[in-house]
1. Looking at the stretch 89-98, can you tell me whether even one residue there is in a helix (DSSP H, G or I) and in contact (Cβ under 8 Å) with a residue 60 or more places away in the chain?
2. Read through the list (1) in a helix (DSSP H, G or I); (2) under 24 Å from residue 144 (Cα atoms); (3) at pLDDT 95 or above; (4) more than 16 Å from the chain's Cα centre (by Cα), then give the number of the only condition that residue 103 fails.
3. Among the listed residues 91, 86, 61, 116, which satisfies the condition of being out of contact with any helix residue (DSSP H, G or I) (no Cβ under 7 Å at 6 or more places or on another chain) and modelled with pLDDT under 95?
4. Please find, among 80, 127, the residue that is within 18 Å of residue 146 (Cβ to Cβ) and either in contact (Cβ under 8 Å) with a residue 12 or more places away in the chain or over 17 Å from the mean Cα position of the chain (by Cα) (or both).
5. Considering only the stretch 4-18, I want to know if a residue exists there that is under 18 Å from residue 149 (Cβ atoms), modelled with pLDDT under 90 and not in a helix (DSSP H, G or I).
6. Quick check: anything in the stretch 100-110 buried (at least 17 other Cβ atoms within 10 Å of the Cβ) and touching a helix residue (DSSP H, G or I) at 6+ places or on another chain (Cβ under 7 Å)?
7. Taking the stretch 33-58 as the search range and keeping residues that are crowded, with 18+ Cβ neighbours inside 10 Å and modelled with pLDDT under 90, which one is farthest from residue 85 (Cα to Cα)?
């Protein structure tokens, strides 16, 4: 169940921050002050986007188009993230029962996989929407950024 937090959401957040580093929110295990507070998350995303925009040489017009796409995607993903955290707590509770309920465990797994699938679809939608705003050269820079971030996560996570 942690795969949603570390994989899917981290891809989003990386992608969301347009990939820039909003990954901390999505990863769930990366410390971010005020993680659960909307204002702090927004400030973190805005900060990450500023850095990404510099890396991509984004124009003001592109920034104006991308910002709302990222913020809307985060709002769409936030409830899924919260539901997945609740699912994780449920799985722990099921595991610690005196008698294991395999059917309940499987049901919880299936529910969490459905949530991860919803998040994955939303992330792909965001990346496609942002990709429509960027030039081919900027999309290559974005892909390079993701590759570097993925390599860093593989080394440290």
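1. So far as the stretch 89-98 goes, yes, one or more of its residues are in a helix (DSSP H, G or I) and in contact (Cβ under 8 Å) with a residue 60 or more places away in the chain.
2. (2)
3. Numbers: 91 fails: out of contact with any helix residue (DSSP H, G or I) (no Cβ under 7 Å at 6 or more places or on another chain); 61 fails: modelled with pLDDT under 95; 116 fails: out of contact with any helix residue (DSSP H, G or I) (no Cβ under 7 Å at 6 or more places or on another chain).
Just a single option satisfies the conditions, and that option is 86.
4. Numbers: 80 fails: within 18 Å of residue 146 (Cβ to Cβ).
One residue alone meets the criteria, 127.
5. yes
6. So in the stretch 100-110, the residues buried (at least 17 other Cβ atoms within 10 Å of the Cβ) come out as 108.
Applying the additional criterion that residues be touching a helix residue (DSSP H, G or I) at 6+ places or on another chain (Cβ under 7 Å) yields 108.
The answer is yes; a qualifying residue exists.
7. 48
The values are calculated or read from the model by the stated rules, or taken from the named source; none is laboratory data. Everything numeric in this text was worked out from a predicted model, so none of it was measured. Every residue, glycine among them, receives a Cβ derived from its backbone with ideal geometry; neighbour counts consider all protein chains shown.
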